[in-house]
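The values are calculated or read from the model by the stated rules, or taken from the named source; none is laboratory data. Model, not experiment: these values are computed from the prediction. All Cβ positions, glycine included, derive from the backbone under ideal geometry; neighbour counts span all protein chains shown.
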Amino acid sequence: MRAAHILPLAAVAVAVAVAGCGSSSGTTAVATAPRADGRPQTGTLRIFSYDDTIAPEMLARFKRANPGLEVKTATFESNQEAAAKLAGGFEADVVEVCLDEMQPLVRRNLLRPLDTAGISTWDDIVPSLREAPGVVQDGRAYVAPLSAGPAGLVYNSDDLPEGIDSYADLFDPALKGRVALDSGDTLAALAVAALAQGYDNPMALSDEEVARVGQQLADQREQFRAFPTSDADLVNLMKTGEVVAMNAGRGSAQEMLDEGIPVRWVAPREGVISWVCGFAITSKAKNIPAAYALIEDYLSPATQAVSAAQGFVITNEKALPKVAARDRETADPRSLEHAIAETEPENVAAYERAFQRIQAGG
C-alpha cells in the first residue's frame with residue numbers, strides 16, 4: 001500500500017502470467033556482497049522503483065559518493081506492474097519491493113536472496129521489520145526494508161468535531177454517502193471492512209470469511225460516496241466536501257493539510273495497517289557492487305533522515321537522532337510496534353474474487 005495507484009489484482013495477475021515466460025534467464029543464487037573497500041562505484045546502476053523513492057534528494061548523497069557511476073532510473077505504480085515488466089524482459093539491478101505485493105516477483109524467480117552479512121547496517125534495522133513476513137522466506141532474506149508507514153483514518157475536523165476512532169465509524173448510517181473507502185490498495189480496503197466487522201487478523205482470513213466480508217461490503221456500497229483509487233482522488237473528495245472521512249495514510253493526510261483542508265489523521269482502535277517496502281536485487285542484476293552500495297546508502301542515518309522528512313517511518317533505529325525534531329514522531333519505527341502488517345495472503349485469489357464482486361456492485 002505504498003501508493004494509491006495499485007492496479008486491480010485480477011487484471012495484474014493476468015498480465016504477470018502472460019509476461020512470466022520471459023523470466024528464466026536470470027539467476028536466483030544468493031547475490032554475494034563484495035568486500036567493502038571504500039572505493040566509489042563505477043559502471044551503470046539501473047533502479048526500478050516508486051517515484052518518491054528515487055527523488056533527487058534521496059539519491060543526492062549516493063550520487064555524490066559515486067561520481068563515476070551512471071545511475072539510470074525507471075518508475076512503476078505497483079509491484080505487480082514491476083513484476084510484469086521484469087518478467088517480460090525489462091532489466092534492472094535493483095527493484096523496490098513492498099511486502100504486500102512481492103509474491104509475483106518471488107514466484108517467477110525475479111529476485112536474488114541478499115547476502116545480509118555483507119550489509120553493514122543490517123542488524124540496525126528494527127527487528128520487527130527485519131524479520132517481517134516476506135523479508136525472510138525459507139530462511140533467506142530477499143528485501144532490505146528501507147521505509148514503512150501506517151494507514152488509519154482521516155476525517156474533516158470541522159465537519160466532525162468529535163472525531164472518529166474506529167474503522168466501524170466508516171459504516172455508521174449517520175455518515176451514509178459522506179465517507180470514502182480507499183480502494184487503490186484492494187487488500188487494505190478489504191482489511192478495513194474485516195476489521196470493522198470484528199476480525200482480528202484481516203490478512204489471514206479463510207476463503208469463507210473473505211467471501212463474507214466482501215459480500216457485506218458489497219451490500220453496503222451505498223454507504224460510500226466513492227471508492228477512490230489515487231491520492232489525488234482522496235484529496236479532491238475532501239477538498240470539495242463530498243466526503244468527511246475515509247481510510248488513508250499519514251502522507252495523504254499531510255497532502256490534504258497542505259491544501260488547507262482541516263483534517264486529522266488518527267490510529268483506529270482496531271490498529272493501523274502498515275506497509276513495508278525496500279530494495280531487492282533482481283535475478284538479472286549486472287552491477288552487484290553498486291546495488292549493495294545503494295542499499296547501504298539508503299540504510300544510512302543520513303539518507304534515512306531524508307526519508308523521514310518525506311513522511312515515512314524509518315527502518316534503521318540508529319538513524320533517529322539524525323532525523324529533524326519535527327519529523328521524529330512520524331518517523332519513529334516504534335509507532336509500528338502494534339501495527340497490522342499488510343502482507344499478501346496465501347489465499348489471495350479469494351480476496352481478488354471478493355473485490356471483483358464489490359467492483360461489480362454485489
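Here are some notes:
- Tabulated pairs, the stretch 272-301, first more than 25 Å from R108 (Cβ to Cβ), second of a type in the set (D, E) and buried (at least 20 other Cβ atoms within 10 Å of the Cβ), C-beta under 6 angstrom, 6+ apart or interchain: I273/E342
- Against the list (1) at pLDDT 95 or above; (2) hydrophobic (A, V, I, L, M, F, W, C); (3) in the same structural domain as R39 (by TED's automatic domain parsing), the condition I261 fails is (3).
- Selection count where residues are touching a residue at least 40 places away in the same chain (Cβ under 8 Å) and either more than 18 Å from V276 (Cβ to Cβ) or among the basic types (K, R) (or both), scope the stretch 78-116: 16
- Any hit, the stretch 320-337, residues being crowded, with 24+ Cβ neighbours inside 10 Å and within 30 Å of T28 (Cβ to Cβ): no
- Any hit, the stretch 284-293, residues being in contact with a strand residue (DSSP E or B) (Cβ under 7 Å, 6 or more places away or on another chain) and charged (D, E, K, R): no
- Selection of the stretch 268-285 for residues being farther than 21 Å from T315 by Cα, in a loop (DSSP other than H, G, I, E, B) and not basic (K, R) yields P268, E270, S283, A285.
- Residue check, L45 closer than 28 Å to D185 by Cα and touching a strand residue (DSSP E or B) at 6+ places or on another chain (Cβ under 8 Å): no
- Qualifying positions in the stretch 135-147 - in a strand (DSSP E or B) and either at pLDDT below 90 or more than 21 Å from D52 (Cβ to Cβ) (or both): V136, Q137, R140, A141
- S49, sole failed condition from (1) more than 16 Å from A290 (Cβ to Cβ); (2) among the small types (G, A, S); (3) surrounded by 20 or more Cβ atoms within 10 Å (Cβ to Cβ): (1)
- Filter result for V126 (within 21 Å of A267 (Cβ to Cβ), β-branched (V, I, T) and more than 22 Å from the chain's Cα centre (by Cα)): no
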